[in-house]
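The values are calculated or read from the model by the stated rules, or taken from the named source; none is laboratory data. This is a predicted model, so every value here is computed, not measured. Don't worry about glycine lacking a Cβ; one is built from the backbone with ideal geometry, like all the others, and counts go over all protein chains shown. Keep in mind that these areas ignore ligands, DNA and RNA; they rest on the heavy atoms of the full protein, side chains included. Shrake-Rupley method; radii C 1.70, N 1.55, O 1.52, S 1.80 Å.
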Amino acid sequence: MVLDSIDGVAHQPEYTPAGVVVLTHGAGGNRESPLLQRVCDEWSRRGWLAVRYNLPYRRRRPKGSPSGSAASDREGIVEAIELCRGLVSGPVIAGGHSYGGRQTSMVVAAQQAPVAVLTLFSYPVHPPGKPERARTEHLPDITVPTVFTHGTSDPFGTPAELRDAAALIPAPTEIVEITGARHDLSSKTLDVAALAIAAALRLSRTARR
C-alpha cells in the first residue's frame, strides 16, 4: 500500500490490523531510514499496520534540512495521523525519529491529533553540545503514554537528561536505553525495534484500561 498524499509506505500485517502505527523521520532523513524500516517491519509482524512517511519539507526537496519548515511539518503530521486513523478501527500510535518525533510530540501536546501512545526515537533533548537549549517546554502538555528509545551515547541528550525530560510528562512513560548507541540507534547486540515495540505495547494496554 502506498499512501500518495503523505508520501507514505504501509507495512501490512498478515491479518486484520490490531491498530495503526504512524512514524516519520529525522532532520536530513526520509521515510527510507533503516531504523524506520526495521521498526515498521516489526510492527507489521506483530499484527499492526505500520506507516512510514515523509514530512512536507522532504516532499518538497530530496535532500537538506527542515530549516524553517516546522509549522508546515506539523500540519503534515496531523494530516498523516488523521489519514491513517481512517485505515483501521484500532488504536493509533504515532511518533518518529529525532526531529520527526519532536514535531509529532508537539502535535500531540497541542491536542491536534489524538493518539493512544507516543513513541519517540532519539528524542533531541537539546542540540549537541548545547544543554542550555532544552527542547522540552511542551512536554508537560503531553497527556498520553510515551516511550523514549534512546542511545546512551547520543549527543542530543544523556540518559540523565532524558530521564529529567520524561519526568515532565504527566502520563506514564518508559525509557528504553540502547547501551552504546548514538543518535542513529544502531546496535550490534540489541534488537532496538523489538525493545521499543514491547514498551509501546505495554503502554498501549495501560492506555486502554
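Selection of first residues in region 129-155 that are more than 16 Å from Gly95 (Cβ to Cβ) and of second residues that are among the β-branched types (Val, Ile, Thr) and open to solvent by 50 Å² or more (accessible area, probe 1.4 Å), restricted to Cβ pairs under 6 Å at least 6 apart or on distinct chains, gives the following pairs, ordered by first then second residue: Thr152/Thr179.
On the stretch given as region 63-109, residues that are in a loop (DSSP other than H, G, I, E, B) and within 16 Å of the chain's Cα centre (by Cα) total 2. Within the bounds of region 99-109, is there any residue that is among the hydroxyl-bearing types (Ser, Thr, Tyr) and open to solvent by 10 Å² or more (accessible area, probe 1.4 Å)? Yes, region 99-109 has at least one match. Would region 133-148 turn up any residue that is within 22 Å of Pro66 (Cα to Cα), open to solvent by 10 Å² or more (accessible area, probe 1.4 Å) and among the aliphatic types (A, V, I, L, M)? The answer is yes, given that some residue of region 133-148 is within 22 Å of Pro66 (Cα to Cα), open to solvent by 10 Å² or more (accessible area, probe 1.4 Å) and among the aliphatic types (A, V, I, L, M). Filtering region 192-209 to residues that are without any contact (Cβ under 8 Å) to a residue 60 or more places away in the chain and of a type outside the set (A, V, I, L, M, F, W, C) leaves Arg202, Arg205, Arg209.
Looking across Arg85, Arg61, one residue alone is at pLDDT below 95, open to solvent by 20 Å² or more (accessible area, probe 1.4 Å) and closer than 22 Å to Arg38 by Cα. It is Arg85. So in region 1-17, with the set limited to residues that are among the aliphatic types (A, V, I, L, M) and at pLDDT below 95, which one is farthest from Asn54 (Cα to Cα)? Here the answer is Met1. Gln37 meets all of the listed conditions (1) open to solvent by 50 Å² or more (accessible area, probe 1.4 Å); (2) modelled with pLDDT under 95 but one, namely (2).
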